[in-house]
Amino acid sequence: MTRIHVPDAHRLHPGYAHPVLRRWQSGPDVDPSQLVYPIFVVDDSDARQEINGMPGQYRWGVNRLEEALSSAVADGLRSVLLFGVPSGDKDAAASHADGPDSPVISALRRLRELFPDLYLITDICLCAYTDHGHCCLFGEHGRMDNEATIQRLAGIAVSYAGAGANMVAPSDMMDGRIRSIKQGLREAALGDTPVMSYSAKFASCFYGPFREAAHSIPTFGDRHAYQLPVAARGLALRAIDRDIAEGADFVMVKPAGPYLDIIREARNRVHVPVACYQVSGECAMIHHAAAAGSFELRAAVHESIDAFRRAGADVFITYFAPDLLRWKR
């Protein structure tokens, strides 16, 4: 059999045969400051409620936030993303979202005392606070009222920023919400508060465990009318362009793993940092596969984060943030 000669220009193995050479060609490591840990806060101050569909995750009361975060902060956690989960007081207008004793506002005040240097990001949406479980308000004949919704979102953003949030992150996918929130913050003399938009948020099945965690399953219909169709590349790019034009300081792709192509498209398209959200279903899937012996948990988590980084993400929102920090230590 004739030996095949591989031209030197096509010989790749010499460039990564040694561990040092592999490191040279793998790009920079993820810095701890790039990791954001999402946490759920309830209005039962002493609660620690296990979330069935999300291994290792809990809903926390404000009196137990030190227990929830102290170890991760000691390991280098710099930022959290807060989701409020009220036990009651739900209505059509999401009135409890920014009440003085709402879970998020209570958590902001407590975390500012406990961890003064922790960067506090608040999700802005209505679904956990409405009695119908949708991310919007409804007007006549049961139609989605986009204008009323974005005004309500702006009011919530102002309340959260006034209570100590460093950043607000609207996840509702309403048209014009970034402009409305930016205007509301300016009028409240809080214009320095940055906005991270869930710009490319797809109508994904991977949100299932989160909806149970946040008690935000719609009581009718679904969210396909405002979240993006899963195969809609063009709509995702238009949504990103729109949010940048309205003043978004950061854009986000959600979910992360199934949408690496959109992360790369966003990175090539915009000149602001790109965040990605490794959502509840992604993390649960990795946990369950590791528990079944399909692979080692730590290796799979690191590989997923490396994939997000390779695709172009700058910020990594993941429930594995405490694990990643502990493993790094």
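The values are calculated or read from the model by the stated rules, or taken from the named source; none is laboratory data. Not measured: the values here are computed from a predicted model. Cβ placement follows ideal geometry from the backbone for every residue including glycine, while neighbour counts extend to all protein chains displayed.
Things to note:
- One residue stands out among those in segment 300-329 that are over 14 Å from residue 73 (Cα atoms) and of a type in the set (Asp, Glu): the one that is farthest from the chain's Cα centre (by Cα), which is 303.
- Only one of the listed residues (45, 33) is touching a residue at least 12 places away in the same chain (Cβ under 8 Å), surrounded by 10 or more Cβ atoms within 10 Å (Cβ to Cβ), assigned to a helix (DSSP H, G or I) and of a type in the set (S, T, N, Q). That residue is 33.
- If the condition is being surrounded by fewer than 20 Cβ atoms within 10 Å (Cβ to Cβ) and outside any loop (DSSP other than H, G, I, E, B), then segment 48-63 contributes 48, 49, 50, 58, 63.
- Only one of the numbered conditions (1) of a type outside the set (Asp, Glu); (2) loosely packed, with under 14 Cβ neighbours inside 10 Å; (3) out of contact with any helix residue (DSSP H, G or I) (no Cβ under 9 Å at 6 or more places or on another chain) is not met by residue 81, and that is (2).
- Applying the criterion of being in contact with a helix residue (DSSP H, G or I) (Cβ under 7 Å, 6 or more places away or on another chain) and in a strand (DSSP E or B) to the residues of segment 163-188, the residue that is nearest to residue 127 (Cα to Cα) is 170.
- The residues in segment 262-284 that are in a helix (DSSP H, G or I) and free of Cβ contacts under 8 Å to residues at least 40 places away in the same chain can be counted, and the count is 2.
- Residue check, residue 279 buried (at least 21 other Cβ atoms within 10 Å of the Cβ), in contact with a Lys or Arg (Cβ under 8 Å, 6 or more places away or on another chain) and closer than 30 Å to residue 182 by Cβ: yes
- Among all positions in segment 14-31, there is at least one residue which is at pLDDT below 95, over 22 Å from residue 209 (Cα atoms) and among the β-branched types (Val, Ile, Thr).
- With respect to the conditions (1) in a helix (DSSP H, G or I); (2) in contact with a Lys or Arg (Cβ under 8 Å, 6 or more places away or on another chain); (3) more than 17 Å from residue 55 (Cα to Cα), residue 308 lacks only one, and its number is (2).
- Each residue in segment 4-30 was checked for being surrounded by 11 or more Cβ atoms within 10 Å (Cβ to Cβ) and not in a helix (DSSP H, G or I), and 4 of them qualify.
- Out of 220, 295, sole residue that is of a type in the set (Phe, Trp, Tyr), out of contact with any Asp or Glu (no Cβ under 7 Å at 6 or more places or on another chain) and free of Cβ contacts under 8 Å to residues at least 24 places away in the same chain: 295
Let's see how each residue does on (1) within 21 Å of the chain's Cα centre (by Cα); (2) of a type in the set (A, V, I, L, M, F, W, C):
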site: 14; (1), (2): no, no
site: 25; (1), (2): no, no
site: 52; (1), (2): yes, no
site: 62; (1), (2): yes, yes
site: 76; (1), (2): yes, no
site: 88; (1), (2): no, no
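- Selection count where residues are among the hydroxyl-bearing types (Ser, Thr, Tyr) and exposed (fewer than 14 other Cβ atoms within 10 Å of the Cβ), scope segment 206-233: 1
Matching residues to (1) among the β-branched types (Val, Ile, Thr); (2) closer than 20 Å to residue 85 by Cα; (3) in contact (Cβ under 8 Å) with a residue 12 or more places away in the chain; (4) out of contact with any Lys or Arg (no Cβ under 9 Å at 6 or more places or on another chain):
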| position | (1), (2), (3), (4) |
| --- | --- |
| 108 | no, yes, yes, yes |
| 126 | no, yes, yes, no |
| 170 | no, yes, yes, no |
| 176 | no, no, yes, no |
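- For residue 191, the conditions (1) touching a helix residue (DSSP H, G or I) at 6+ places or on another chain (Cβ under 6 Å); (2) surrounded by 16 or more Cβ atoms within 10 Å (Cβ to Cβ); (3) over 24 Å from residue 106 (Cβ atoms) all hold with the exception of (2).
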